[in-house]
Amino acid sequence: MRDNCILTAESVTEGHPDKLCDTIADAVLDACLKSDSAARVACEAMATAGKIIVAGEITARELPDIPAIVCRTVQEVGYGSDYEVEVITHDQSNDIAGAVAQDTQTGAGDQGILYGYACGETAELLPLPVVLAHRLTSLLTNARRTGTIHGLQPDGKTQVSVEYRDGSPSRIAAVVVSCQHDEGKDLEELRREVIRHVIVPALRNLYPDPKTEVFINPSGRFVLGGFDADTGLTGRKLMADTYGGLAPHGGGALSGKDGTKVDRSGAYMARYIAKNIVAAGLAEECTVSLAYAIGRAEPVAVDIDTHQTGEYPETVLEQAVRAVFDLTPGGMIRALGLDRPIFAQHCIYGHFTHQDAPWEQTDKATAMVDACTQAGQRVCNG
């Protein structure tokens, strides 16, 4: 990251139209995996006022009751269930199925370029703006669900701008919170409550100063929200899902895809690798990139960038990564438990903020240190 700059990240609540479509797609995926751990799923949701469409390719022993899943997911978030649900699915293409299901190992279900990132800036090993933006939306949802702030509705967004000096977070430059509310909610009361119950506890790491710009519902009323106000679509919040635009992104969406799709498994594995490298003290900052070809199990490219903070040359780190981590789709599925129904619970407030997620563990840190030592010795002796 640049030494002196302002970096910004955003987050959305579980009731945001695009994020709710992500959750619907992942709830369908989870239901398929619950009855068939080898299910092949690539599904998406599109929703607007009064109508929700789920479409895609699903091959599973048992097709779940998708309309029931959709209605339950929408209701759990806090909306009503008065929607027409249309389901348009078919089996996975035989060509893709054949490329994935090989004799000895699982091939990639598509080509893809995946990036993982970690830095020592926060306990989560993520950039501070990303952590704060997600903390704001999480607390906003909690205030609604617990009734701490009366009159809140499910839709909402946040944005945090952090000023960096000499490469470290120095101050909060701006905070934006937009939250849907009841018709009769007094806006000034809402703003006071959001400051007290959301902004103050969320920004405990770096509290706003007198020059910080704070915007709460800057457009005024936000009564109409959810699908009644905006069309939602799976895969349209990629920056909020990952690193807030502060690290590279290969362009593939995460939600609605089983582990044979490297858009998901590769992105999770790249984050897992980067986080373990930083947690092991092998670098202060790390970007991992993986590239795959459809039908091929091994990645066609592996690259490690420690942004000039590494304890070892990046060639040594790459050798260590290949020794410690199985980078084939089958290996990533096994290592991260991606054949289990765990996706809907991890797709909100960023995919990399959930400390219980398998890809957020740092259990390979010691192995990476040992592998780097061995690889470094081979380089010296070679």
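Residues in the stretch 335-347 carry Karplus couplings, in order, of 5, 9, x, 7, 9, 10, x, 10, 8, 4, 6, 10, 9 Hz; the curve used is 6.51 cos²θ - 1.76 cosθ + 1.60 with θ = phi - 60°, and Gly or Pro positions show x. Take the Cβ atoms of T122 and D370, set R0 to 25 Å, and the FRET efficiency comes out at 0.40. Dipole magnitude for the stretch 154-283: computed about the Cα centre from +1 point charges on Lys and Arg Cβ and -1 point charges on Asp and Glu Cβ, it is near 560 debye. Once the Cα-Cα distance is subtracted from the 0.36 nm per residue extended length, the V214 to E189 segment shows a gain of 7.5 nm. Our summary gives the chain a relative contact order of 25 percent, counting only alpha carbon pairs under 8 angstrom and 6 or more residues apart. For the peptides 278-289, 83-94, the ranking by packing is 278-289, 83-94, with the highest mean count of neighbouring Cβ atoms within 10 Å listed first.
Partner lysines whose Cα lies under 20 Å from the Cα of K185, excluding those fewer than 8 positions away in the same chain, are identified as K157. Dipole magnitude for the stretch 17-96: computed about the Cα centre from +1 point charges on Lys and Arg Cβ and -1 point charges on Asp and Glu Cβ, it is near 120 debye. Under 5 Å from the amide H of R296 lie the amide H atoms of A108, each residue being 5 or more positions distant or on a separate chain, with H modelled from the backbone and absent for Pro and chain starts. Residues whose amide H lies under 5 Å from that of R171, counting only those 5 or more places away or on a different chain, are E163; hydrogens are built 1.01 Å from N in the peptide plane. With equal scatterers on the alpha carbons only and no solvent term, can you work out the Debye log10 of I(q)/I(0) for the chain at 0.07, 0.10, 0.13, 0.15 1/Å? One equal scatterer on each Cα of the chain leads to -0.33, -0.67, -1.07, -1.31. For the set K34/K261; K257/K364; K19/K364; K237/K257, the pairs lying more than 27 angstrom apart at their alpha carbons are K19/K364. Centroid-to-centroid, using Cα positions, the stretch 301-374 and the stretch 219-259 are 24 Å apart. Projecting the Cα atoms of P67, L327, T287 onto the dipole axis of the chain, where Lys and Arg carry +1 and Asp and Glu carry -1 at the beta carbon, places T287 farthest toward the positive end.
In this calculation the C-beta distance from E86 to S35 is compared with R0 = 25 Å, giving a FRET efficiency of 0.65. Sorting the segments 258-268, 64-74 by their residues' average number of neighbouring beta-carbon atoms within 10 angstrom, most packed first, yields 258-268, 64-74. Under 13 Å Cα-Cα from K51, which aspartates and glutamates qualify once same-chain neighbours fewer than 8 residues away are excluded? Output for K51: D82, E84, E86, D228, D230. Projecting the Cα atoms of F227, A270, T106 onto the charge dipole of the chain, computed from C-beta unit charges around the Cα centre, puts A270 farthest toward the positive end.
Each value in this text was obtained by applying a stated rule to the coordinates, not by laboratory testing. Quantities reported herein were computed from a predicted structural model and do not represent experimental measurements. Ideal geometry is used to build each Cβ from the backbone, glycine not excepted, and the neighbour counts take in all protein chains shown.
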